[in-house]
Each structure stands twice: as C-alpha cells, then as structure tokens.
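S.K.: Here it is: the structure, laid out below.
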Amino acid sequence: MVDINKLQGKIGLIAPNSDIAGLARKVASEFGNLFDIYEGNLADGVEAARQAITRGNEVLISRGGTAHMIEKSLNVPLVSIVFSGVDLLKTMERAKDFDSRFALIGHYNLLGGIEGEYRFFGCTLWVEKFNDYQEIEGSIRQLYNNKALRVFIGGEAVVACAQRLGFTGVLLECGIESIRRAVLEALRLAELKTVESERYLQFKAITEHSSEGIITVDNGGAVKYINPAARKICARRVSQKGEIEGKPLREMLPEMNEVVGTRQQVLQVYKDIGDTKVVANYIPLGLGRTSLGGLLSFQDVTRIEELEKRIRQEQHAKGLVAKYRFEDIITDNKKMLKTITYARRVARTESSVLITGESGTGKELMAQSIHNASPRKNGPFVAINCAALPESILESELFGYVEGAFTGARKGGKPGLFELAHQGTIFLDEIGDIPLSVQSRLLRVIQEKEVIRIGNDRVIPIDIRIISATNKDLGRLVEEGKFREDLYYRLDIIRINMPPLRERGEDIVSLCKRFIEHYCAKNDLKPKRITKKALNLLKYYSWPGNIRELQNFIENLVIIAYDDEVIDESFVEQIIKDKIDYRCLLEMKIKPGSASNDGMTKKEDRRGGVLRKIEYQSIQEVLKQVRGNKNKAAEILGISTTTLWRRLKAMKSESQGGSNVKISK
C-alpha cells in the first residue's frame with residue numbers, strides 16, 4: 001500500500017466553471033487537500049492543464065469537452081467527471097418547469113453508455129452524443145425539426161448554443177458526489193503510477209548493477225535500453241553513453257541477428273562477441289497479441305564458470321548437492337532405458353523410492369537423477385551411507401543432537417541430516433545395514449514427518465522425500481528378523497532395480513570409451529583409441545563389481561598405456577592377469593570344458609580362449625609358488641580342491657585336443 005503522503009500534489013483538477021471549482025474545493029478539504037484545483041474551459045482548460053503538469057501534477061481530472069481537449073492535446077492520465085443519476089434527476093426537475101419533453105446533449109466521455117429515448121415520471125428524454133463541439137448546433141436543429149424539442153440539457157457550450165438559437169438551455173450540473181468519485185479514481189491512478197514509478201526505479205537499480213548484459217529492442221529491432229554490463233561486454237562497439245539507443249541492434253551486434261530476428265523465445269545460445277564468449281537468451285515482449293519488441297540478455301561465459309565453480313565448491317563443502325541427472329546415465333540397453341523411463345515418471349511424485357541392485361550398478365547416480373528431475377530439485381540432496389558409520393554415530397548424524405546430549409557433543413548442538421534435507425531429498429544408501437535400534441526412530445520420522453534431536457524433547461517438523469538403496473534382499477532380512485517389516489513397507493513403495501553390467505553388454509563399449517576419454521583428460525594425456533579386439537575381450541568378462549569395477553579397470557588401463565595412442569588386447573590381458581582376483585577369473589562366463597561352449601561361434605571361442613589362457617597361467621603360477629601342493633593352491637585361489645582338480649583336468653583335455661594353451665608338467 002502506498003503512503004498517502006506520497007500522493008500529495010500528484011493530482012490536479014481542471015474545473016470548466018466556477019460552480020465545479022467550488023464543489024471541488026469542498027471535496028479537497030475532505031481529502032486533506034491532496035489535489036490542486038485550476039479553472040479553465042476548453043482551450044483555457046488545456047492551458048491550465050499544462051501549468052498543472054509543470055507543477056508536478058501527474059494525474060488530471062476534468063469534465064466534458066474540456067476533458068476531451070486535454071486528452072487530445074496532452075499525454076497525461078486523465079479522469080473524466082461523469083454525472084450521476086441524482087445529478088440528472090435534479091436537472092430534469094428544473095427542465096420540467098419549461099416542458100415535459102427535452103433532450104440531453106453531451107460529450108461522449110460525459111454521458112458514458114446513455115443513448116436513445118427514455119420515458120419516466122411523465123417526461124420524455126432524448127439523449128444525443130457528440131465528439132466535437134462543432135456538432136452541437138446541428139444536433140439541436142435536428143432534434144427541433146424531428147422531435148419539435150425546445151428544451152436542451154447539457155454543459156455550458158450546449159446551453160449557450162441553445163439560447164443563441166432561441167431555445168431553452170438547462171445546465172447539467174455535477175453534484176459533489178460525482179466529483180468525489182472522480183477524485184477517488186484519480187487517487188487510484190496516482191497510486192498505481194507511484195507504484196509503477198517505484199518498480200521502475202527498482203528495475204533500473206537491478207539492471208544498472210546487474211552483471212548480466214541487458215538490451216531491450218522495439219518491434220523494428222532498434223535498441224530502447226542498454227545497461228552498463230551490456231556496454232562493458234560490447235565495449236569496443238559502444239563507447240559513449242546513449243549513442244546506441246534508437247539504432248538497430250544488428251548494427252552493433254550482428255552476431256545476435258538470428259537470435260533476435262526469430263521473434264520467438266530463444267534460450268542458452270552460445271555466441272562470440274569479439275573475444276568474449278557469451279550465453280544469450282532472448283524473450284519476446286508483448287501485451288496480449290500486441291508485440292512490444294523483446295529483451296536480450298547475455299553473460300560472459302567465463303564469469304558464469306567462475307560463479308558456478310564457487311557455488312559448487314560451497315555446496316559440495318556442505319554435501320547438499322546432487323551432481324548427476326538422467327542425461328549422465330550412459331546406456332543403450334533396452335532394460336536400462338526402460339528403467340530410466342520409469343524413474344523419470346517416479347521423479348515427479350513424492351513417494352518413497354527403494355533402489356535395489358548389486359554394488360557398483362549406479363544406485364546413487366539414479367537417486368541423484370530422480371532428485372534433479374523432481375519438484376524438489378532446487379532443494380538440498382543429502383546422502384549418507386548407513387553401513388559406513390557405527391550405530392551411535394549414525395543415530396546422531398541422522399537425527400542431530402543438542403548441546404550436552406553426550407560426551408563430546410558439539411557446543412550448540414548439531415542439526416541432523418533429516419533437518420538439513422528439509423524441502424529436499426535424503427538418500428539412505430545401504431539401508432539394509434542400518435541397526436534395528438535406529439530403524440525404530442527412522443520409522444517414526446517417516447510416519448510423522450518430524451524429528452527429535454538426541455537429548456531434546458522439541459519436535460521439529462520436516463518436509464523431505466526419502467530415497468533408499470540396498471544390495472541386499474530386504475524381504476529375506478525381514479524374515480530373519482534383521483529388518484523391521486513396517487519400515488520395509490514404508491521404504492518399498494516404489495522399487496527401481498538397477499540391472500548388473502553383465503546384463504548390459506551393449507553398454508560396455510560406450511562406457512569404456514567415455515571412461516578412456518575422462519581419464520585421458522584427467523591425467524593430461526593424449527586421446528587414446530581402444531581396438532575392437534580389446535573391447536571384445538572386455539565384453540566377455542562378467543564384471544562382478546559392475547560399472548565401478550569397469551571404471552577402475554579403465555583408469556588402470558589408461559595409465560598402463562601411458563605413451564601409447566592405441567589400447568590393444570595386450571594391455572587388457574596384462575591387467576586381467578595382474579589386477580583381477582583369481583576368484584573373479586574362475587567366475588567368467590566361459591568355463592573350461594563346460595557344455596555351454598558347444599554353441600559358441602569361433603570368434604566367441606577365440607575370445608574365451610584368451611581369458612582361459614590367462615586363467616590357466618594364473619593357476620600354474622600359484623602351483624609353482626606352492627611347489628605343486630594342490631590343497632594350498634586351492635586355498636590361495638579361493639576354491640575347493642575338487643574345483644581345482646576339475647580345472648586341471650579340463651586344461652589337460654584342451655591341451656591334448658590341440659588347444660593353444662600349454663600346460664606345464
């Protein structure tokens with residue numbers, strides 16, 4: 001609400017005659033003399049209006065033809081005094097002294113929607129409007145000739161014209177209520193104008209001090225406004241203040257022609273302005289179907305990157321940010337694509353989500369993607385690994401504590417992760433490892449949407465969404481009494497299962513290439529290319545550690561092939577032999593001597609042969625280390641003695657069958 005004192009002197013009333021001026025003074029006293037009063041009819045009224053504007057009056061009030069002339073001559077908000085029904089009845093009462101049939105003639109802005117013939121109280125009234133005072137005499141003569149009227153009601157000009165033609169003129173006087181209504185309307189306009197002025201000053205302050213370049217253009221593409229930031233970015237082309245306003249934008253920034261010329265909203269277009277790379281947005285401006293030009297905004301990309309880096313550093317320091325989105329999930333696998341499509345729909349809801357899958361399948365990546373696609377994306381994302389902390393510490397981390405709650409409690413206490421996740425998402429990873437004692441408190445938080453810090457009795461309401469993840473079978477844990485059934489059903493409202501990498505064979509190639517590119521850039525190495533044979537060898541491995549294992553493997557691969565631009569199968573074989581656990585080798589899809597080999601193609605058999613060769617070599621090395629003691633070898637390999645004997649038998653069989661694998665005696 002605008003302070004009424006701010007409207008003092010903002011309104012001026014131009015009275016066409018002394019009677020209206022007198023009534024206006026009475027109204028002015030009611031409003032604490034908020035408005036100024038001037039006298040002048042028609043042309044004199046226009047001159048009085050000019051004086052009012054020079055004295056600071058921003059909204060004017062007048063009546064009839066004088067109001068019309070002011071409106072045509074001056075660009076100023078104007079309120080017309082419109083007579084009321086009471087004013088008309090009083091005037092008709094006086095007109096009845098001369099005749100029961102009479103006409104009301106007035107300017108269109110005085111009569112409003114009244115027009116035609118009316119009969120009431122035994123009188124007949126004809127209403128006639130005009131736009132120009134030259135029309136008054138013609139209207140009077142026409143009404144006299146067609147209706148035989150001799151009495152005419154109207155303003156001073158109508159009365160004077162009627163009397164000059166020998167007829168009776170009755171002045172339509174506006175009552176004090178009509179003036180009061182006009183003043184109230186003028187005050188409303190003045191208040192709106194004051195609010196708009198304040199908004200303009202705020203807008204100017206914002207744009208003048210904004211680091212974003214802002215330019216507005218009209219329908220023809222001419223610059224209407226340019227702020228200092230835009231001038232700075234375009235410094236070589238804009239040197240003096242005001243030199244660009246009114247000129248076509250295409251002359252100063254031809255790079256933006258295709259952006260501004262579209263007449264459609266264009267967001268995040270990258271352009272070079274001289275030596276500066278900017279990201280530009282263009283928004284058309286309009287009122288209804290009327291186009292008012294457009295607004296072009298752009299920022300120096302370097303500055304954006306600096307700000308983003310600083311913000312991310314601060315957010316990462318707090319651990320309240322979700323880095324990944326669905327677009328970051330690399331896959332061509334139909335099952336995984338279907339999972340992502342389902343997760344996108346789930347993201348728009350508020351339901352709790354349980355993400356299941358083996359270790360390394362990307363459960364947290366999925367959780368962050370759901371958060372960033374949800375209505376809570378601008379809120380915090382708080383993650384905790386429930387298996388990484390002891391029971392006592394986990395409880396204080398989740399629910400927080402007050403000062404003195406326990407020995408070593410921080411002075412002033414500490415908010416829990418549930419509090420920090422307010423209006424955002426909390427991600428409970430490895431939820432299957434959460435102790436039973438903590439499960440009870442967790443259930444209450446989920447049910448009541450409130451948390452109580454350790455050592456306190458004050459209830460803190462929270463607004464969070466819970467996403468949990470596990471690589472365990474929670475249903476089995478419930479049966480074993482290790483997980484609360486009621487908590488399980490609270491968490492497992494929507495389930496998303498992450499397929500293991502061995503079921504996403506088509507993704508191994510794209511993941512390998514992405515990881516190679518990443519680690520080459522990270523270690524400042526020349527880009528490397530991996531051969532098809534090397535990729536095929538990687539595709540044949542079951543990857544029990546899933547994507548995490550593949551990522552670590554590729555990082556190792558890039559470092560080993562440090563100076564080489566091509567990564568071939570020899571590098572892959574070296575890491576498989578040196579880095580992959582023996583037990584993993586024995587869990588490969590291709591088992592020596594198994595019946596499943598019968599249906600393989602020659603290419604698959606050759607690929608499996610390479611892996612078997614590495615497996616055989618590993619077994620031989622272990623046997624050599626233990627001097628042929630098969631019991632010790634089986635223990636080192638992590639398999640039973642029977643399995644080792646079966647492997648050795650298969651090796652001997654392949655050796656006798658002409659395999660390339662050589663078995664040492």
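Any read-out appearing in this document is the output of simple, stated calculations on the displayed coordinates, not a laboratory observation. Everything quoted here is computed from the prediction, not taken from an experiment. Positions of Cβ are backbone-derived with ideal geometry, glycine not excepted, and every protein chain shown enters the neighbour counts.
S.K.: Would you mind telling me the antiparallel percentage of the DSSP bridges in region 319-497, rounded to 5?
M.R.: Numbers: 5 of 24 bridges.
Of all bridge pairs located within region 319-497, approximately 20 percent are antiparallel.
S.K.: Ranking request for peptides 436-442, 294-300: highest mean number of other beta-carbon atoms within 10 Å first, then the rest in descending order.
M.R.: 294-300, 436-442
S.K.: Taking 0.36 nm per residue of separation and subtracting the Cα-Cα distance, what length does fully extending GLU173 through ARG458 add? Numbers along the way, then the final one.
M.R.: Details: separation 285, 0.36 × 285 = 102.60 nm, distance 7.10 nm.
Length gained, GLU173 through ARG458: 95.5 nm.
S.K.: For region 90-149 and region 485-521, write down the distance between their C-alpha centroids in whole Å.
M.R.: 86
S.K.: In whole Å, how far is the Cα centre of region 447-465 from that of region 347-379?
M.R.: 23
S.K.: Additional query: Rg and Dmax of region 319-497 over Cα atoms: what are they, in angstrom?
M.R.: Reported Rg and Dmax, both Å: 16.3, 54.
S.K.: Can you give the net charge of the other residues whose Cβ lies under 12 Å from the Cβ of PHE130, counting K and R as +1 and D and E as -1? Walk me through the numbers on the way to the answer.
M.R.: Details: positive: LYS129; negative: GLU115, GLU128, ASP132, GLU135, GLU137.
In short, -4.
S.K.: Next question. Along Cα→Cβ, 7 Å out, is where each label goes; now give me the distance between the ones at GLN574 and ASN281 in nm to one decimal.
M.R.: Here the modelled spin labels are 5.1 nm apart.
S.K.: Which order do the peptides 130-141, 221-232 come out in when sorted by mean C-beta neighbours inside 10 angstrom, highest first? Mind dumping the intermediate values first?
M.R.: Numbers: 130-141: 15.3, 221-232: 18.5.
Ranking the peptides 130-141, 221-232 by packing returns 221-232, 130-141.
S.K.: Using just the helices of the chain, give the 222 nm mean residue ellipticity in deg cm²/dmol: DSSP H runs with n ≥ 4 each add -39,500 (n - 2.57), and the total is spread over all residues, rounded to 500.
M.R.: Values: 27 runs with 303 residues, N = 665.
Using -39500 (n - 2.57) per qualifying helix, the result is -14000 deg cm²/dmol.
S.K.: Still on this structure, please answer the following. Using 0.36 nm per residue, how much length does the chain from GLU115 to GLU255 gain when fully extended, once their Cα-Cα distance is taken away? It would help to have the intermediate numbers written out before the result.
M.R.: Numbers: separation 140, 0.36 × 140 = 50.40 nm, distance 5.80 nm.
Going from the current span to full extension adds 44.6 nm.
S.K.: Right, here's the next one. What span do the alpha-carbon atoms of region 444-579 cover on each of the three principal axes, reported in whole Å from largest to smallest?
M.R.: 64, 34, 25
S.K.: Once both axes come from the Cα atoms, what is the angle between helix 43-54 and the longest principal axis of the chain, in degrees from 0 to 90, rounded to 10?
M.R.: Approximately 40 degrees, to the nearest 10.
S.K.: Select one label from (i) 1.00; (ii) 1.10; (iii) 1.65: the one whose number is Cα Rg over 2.2 N^0.38 Å as derived from the coordinates shown.
M.R.: Read-out from the structure maps to (iii).
S.K.: Could you pull out every residue, at least 5 positions away or on a different chain, whose amide H is within less than 5 Å of the one on ALA15? Hs are placed 1.01 Å off N in the peptide plane, and Pro or chain starts have none.
M.R.: Residues meeting the criterion, in which the H sits 1.01 Å from N, are TYR38, GLU39, GLY40.
S.K.: Quick one: compute a quarter of the convex hull surface over the Cα atoms of region 90-169 and quote it in nm². Show your work: numbers first, answer last.
M.R.: On the way: hull surface 19.6 nm².
It is 4.9 nm².
S.K.: Could you check the simple spin-label distance between TRP645 and HIS209, using points 7 Å along Cα→Cβ, in nm with one decimal?
M.R.: Once both label points are built, they end up 8.6 nm from each other.
S.K.: Shifting gears a bit: What percent does the relative contact order of the chain come to when contacts are Cα pairs within less than 8 Å and at least six residues apart?
M.R.: 7
S.K.: Using 0.36 nm times the number of residues separating THR290 and ARG303, minus their current alpha carbon distance, what extension gain do you get? Working shown, then result.
M.R.: Details: separation 13, 0.36 × 13 = 4.68 nm, distance 3.58 nm.
Gain on extension, THR290 to ARG303, equals 1.1 nm.
S.K.: Compute the Cα gyration tensor for region 1-86, then decide on rounded, prolate or oblate, letting a ≥ b ≥ c be the square roots of its eigenvalues: rounded whenever a/c is under 1.5, prolate when a/b is larger than b/c in the other cases, and oblate in all that remain. Don't skip to the answer; put the middle values down first.
M.R.: Working: a/c = 1.65, a/b = 1.18, b/c = 1.39.
Here region 1-86 falls in the oblate category.
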